[in-house]
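J.: What follows is a single structure, and I will ask about it in a moment.
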2 protein chains.
Amino acid sequence: MDTREQILNAAWDLFAERGFEGVSVRDVTNAAGVNLASVSYHFGGKEGLIQETVKRCMNPINEYRIRLLREAIARHGSVEKVPLVELMTAFMRPVVMPEECGVRSGLMLRLLARYLIESDYAIPSASRNLYTEAFQAYARAFMVHYPGVAPVTLVKHMVFSAGSVMFYHGLGKVALQLSSGSREDTGEIDRDEMLKDVVEFAVRGFGGGKQ
Amino acid sequence: MDTREQILNAAWDLFAERGFEGVSVRDVTNAAGVNLASVSYHFGGKEGLIQETVKRCMNPINEYRIRLLREAIARHGSVEKVPLVELMTAFMRPVVMPEECGVRSGLMLRLLARYLIESDYAIPSASRNLYTEAFQAYARAFMVHYPGVAPVTLVKHMVFSAGSVMFYHGLGKVALQLSSGSREDTGEIDRDEMLKDVVEFAVRGFGGGKQ
DNA sequence: GTCAACATTAAACGACCGTATTAATCGGAC
DNA sequence: GTCCGATTAATACGGTCGTTTAATGTTGAC
């Protein structure tokens, strides 16, 4: 019965590492130590496995986002009392620290980025409701802080903010090498610091808020 | 002789549309109306075609970036006299308006995003020097506007800015649909307006500049 | 013990992949 | 015209792909 689970675990790593098209069903089943036909049996085929993998990657992120927002509101009494920085941190934290919501490793971001691009940025149907719910919840919260700003402008700012945090994983490493001039790998990025930086950047980008 | 060119044109569109792994050499040669073996003959194989396609996509962007910076400096006399907004616009404009530097259509961004992710964000060697040159030129220019800010912080801000503009194409459409609540396609995004928006967002994110 | 439903296995299928091979064709130089 | 290198064309090859099939193993209810 845990054949299904082993397939999902193996698929996760392999898809993130080499992409959906770069991984064969045989790769997955070999890595999982199960039979080739298991994928067809449990997921109906490769496409079904991809959908299930993306769902397992995307949903916890948005659930965590919603939870962090709810907790922040509870902590401060009401939406309008949540400081802007805290709001932005709650929005971005699940992406920078995915393992806090059970999503293993930073490969998750690559998997998600791959899928979004390859599917022409179509959110998979199994995750769309949750994604929409999270996005709209934060949109409403941001509107409270910027009552004079047009909603469409706020949405743009949210997109820009999301873009900022989505690309820091990959390009961040490259850019830091460029800036130091050296090519030696400086190891892993300090994610707490990077989260703080990107939050401050986005908060300033929004316009600072009324605070 | 223009067989080579026809292959590159067809490859561009197909790779951007379906990804490198999702497009076979036969797809390319059929679309180009040339023989299957032409790819091996002119590019040494599929991988060579990919490299050449990415180079044709990436280099004009960075050349345009460098040219815009040089023109802005010439216009104002020196680097420090170029307004920050103008600097940021020069940095982002080639990505939002790629056809201004001969790069056809917005598919280019998808192609580039695909390649960066699939290659683990490794800049292809045929484009690395130009990429580095452009990046460092802008880094120096930004340093002039923020003499008190640590270079590493400026680089981070540049990465965040690049992320903002890189994702607006895909996620922008999705997000605007979400915000309007409706699912009807509102057609193409106003790119002049979006460029202005993302520039203002990034300038604020940087910290507003010295002025 | 028997049966049925579920799960796993090994083997095979047809389709498509990238590449190599060989032959045919072209365009100037002489 | 003749020759020759450059280019294009047709075909074949070995390999891998996703999926299917048929047989086997496993489980729990009755």
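The values are calculated or read from the model by the stated rules, or taken from the named source; none is laboratory data. Note that the coordinates shown come from a computational prediction; the quantities given were computed from them, not determined experimentally. So basically every Cβ, Gly included, is an ideal-geometry build from the backbone, and we count neighbours across all protein chains shown. These accessible areas exclude ligands, DNA and RNA; they are computed on the full protein's heavy atoms, side chains included. Shrake-Rupley method; radii C 1.70, N 1.55, O 1.52, S 1.80 Å.
J.: Whole Å is fine, so just give me how far the alpha carbon centre of the range B:37-51 lies from that of the range A:134-161.
T.: Taking the Cα centre of each part, the range B:37-51 and the range A:134-161 sit 47 Å apart.
J.: Show me you know the interface measure: the accessible area buried between A and B, both chains summed, probe 1.4 Å, in Å² to the nearest 100.
T.: Heavy-atom accessible area buried at this interface is about 4500 Å².
J.: Working from Cα positions, state the angle (0 to 90°, nearest 10) between the long axis of helix A:84-96 and the longest principal axis of chain A.
T.: Tilt relative to chain A: about 10 degrees.
J.: Per residue of the range B:190-204, what does 6.51 cos²θ - 1.76 cosθ + 1.60 with θ = phi - 60° give for ³J(HN,Hα)? Whole Hz please, x for Gly and Pro, Karplus curve as stated.
T.: 6, 6, 4, 5, 5, 4, 4, 4, 6, 5, 4, 4, 5, 4, 4
J.: Can you list, shortest first and in nm, the gaps between the label point of B:P151 and those of its counterparts in the other copies, using a point 7 Å from Cα in the C-beta direction?
T.: 4.7
J.: Identify all aspartates and glutamates with a Cα-Cα distance to A:K81 below 19 Å; exclude those on the same chain that are fewer than 8 residues away in sequence.
T.: Candidates past the 8-residue exclusion: A:E71, A:E200.
J.: Work out from phi, with θ = phi - 60° and the Karplus expression 6.51 cos²θ - 1.76 cosθ + 1.60, the ³J(HN,Hα) of each residue of the range B:146-152, listed in order in whole Hz, and give x for Gly and Pro.
T.: With coefficients 6.51, -1.76 and 1.60, one gets 10, x, x, 8, 4, x, 5 Hz.
J.: Tell me, what is the FRET efficiency for A:R18 and A:A150 to the nearest 0.05, using R0 = 30 angstrom and their Cβ-Cβ distance as r?
T.: 0.10
J.: Looking only at GluC sites (Glu not before Pro) in DSSP loops with at most 12 other Cβ atoms within 10 Å, what is the longest site-free stretch of chain A?
T.: A:1-183
J.: If we count every other residue with Cβ under 14 angstrom of B:E100's Cβ, Lys/Arg +1 and Asp/Glu -1, where does the sum land? Before the final figure, lay out the partial values.
T.: Details: positive: B:R65, B:R67, B:R93, B:R104, B:R191; negative: B:E63, B:E71, B:E99, B:D192.
Charge balance in the 14 Å sphere: +1.
J.: Still on this structure: Between the label point of A:G102 and that of the same position in each other copy, find the distances and list them shortest first in nm, with every label point placed 7 Å from Cα along the Cα-to-C-beta direction.
T.: Nearest first, the other copies' label points are 5.3 nm away.
J.: With unit charges on the beta carbon (Lys/Arg positive, Asp/Glu negative), name the residue among B:S161, B:T29, B:F206 whose Cα is farthest towards the positive pole of the charge dipole of chain B.
T.: B:F206
J.: Tell me the per residue accessible area of the protein assembly as shown using a 1.4 Å probe; a whole number in Å² is fine.
T.: Per-residue value: 44 Å².
J.: Just name one of B:M58, A:P83, B:A90: the one whose Cα is farthest towards the positive end of the charge dipole of the protein assembly as shown (beta-carbon charges, Lys/Arg +1, Asp/Glu -1).
T.: Final value for the positive-end residue is A:P83.
J.: How far apart, in nanometres, would the label points at B:A37 and A:Q136 be if each is projected 7 angstrom from Cα along the Cα-to-Cβ direction?
T.: 6.0
J.: Report the charge-dipole magnitude of the protein assembly as shown in Debye, nearest 20, computed about the Cα centre from +1 at each Lys and Arg Cβ and -1 at each Asp and Glu Cβ. Numbers along the way, then the final one.
T.: Details: 48 positive and 50 negative charges, 139 e Å.
For this selection, approximately 660 debye.
J.: Would you please state which residues of the range B:51-88 a label at B:S119 would reach in this model, taking the label point 7 Å out along Cα→Cβ and a backbone N cut-off of under 11 Å?
T.: B:51-59
J.: In a Debye calculation with equal point scatterers on the alpha-carbon sites of chain A and no solvent, what is log10 I(q)/I(0) at q = 0.12, 0.15 Å⁻¹?
T.: -0.71, -1.00
J.: When each copy gets a label point 7 Å from Cα toward the beta-carbon at B:K81, what are the spacings between them in nm, shortest first?
T.: Label point to label point, same position, other copies: 5.4 nm.
J.: Using only the C-alpha atoms of the range A:1-50, find the volume of their convex hull and express it per residue in Å³.
T.: 56
J.: Apply the Karplus parameterisation 6.51 cos²θ - 1.76 cosθ + 1.60, with θ equal to phi minus 60°, to every residue of the range B:120-135 and state each ³J(HN,Hα) to the nearest whole Hz, in sequence, with x for glycine and proline.
T.: Along the range B:120-135, the couplings run 6, 6, 8, 5, x, 4, 5, 10, 5, 4, 5, 4, 4, 4, 5, 4 Hz.
J.: Return the aspartates and glutamates within reach of A:K55: Cα separation strictly under 19 angstrom, same-chain partners fewer than 8 residues apart disregarded; answer none if there are no such residues.
T.: By straight Cα distance, A:K55 reaches A:D2, A:E5, A:D13, A:E17, A:E21, A:E47, A:E63, A:E99, A:E100, A:E118, A:D120, A:E133.
J.: Something else about it: With charges set only on the Cβ (+1 for Lys and Arg, -1 for Asp and Glu), what does the dipole of chain A come to about its Cα centre, in debye to the nearest 20?
T.: Here chain A has a charge dipole of around 600 debye.
J.: Can you tell which of A:A134, A:A11, A:A150 shows the greatest fluctuation in a Gaussian network model of chain A with Cα springs below 10 Å?
T.: Highest fluctuation of the listed residues: A:A150.
J.: What residues in the range A:145-162 lose 30 Å² or more of accessible surface when the other protein chains are added to their chain alone (1.4 Å probe)?
T.: When all protein chains are present, A:V155, A:K156, A:V159, A:F160 each give up 30 Å² or more of accessible surface.
J.: Run the accessible area of the range A:1-44 with a 1.4 Å probe and give the carbon-and-sulfur part as a rounded percent.
T.: On the way: 1040 of 2330 Å².
Here carbon and sulfur together make up 45 percent of the probe-accessible area.
J.: Right, next: May I ask you to give the percent of accessible area on the range A:54-206 that is carbon plus sulfur, with a probe radius of 1.4 Å?
T.: Carbon and sulfur atoms account for 54 percent of the accessible area of the range A:54-206.
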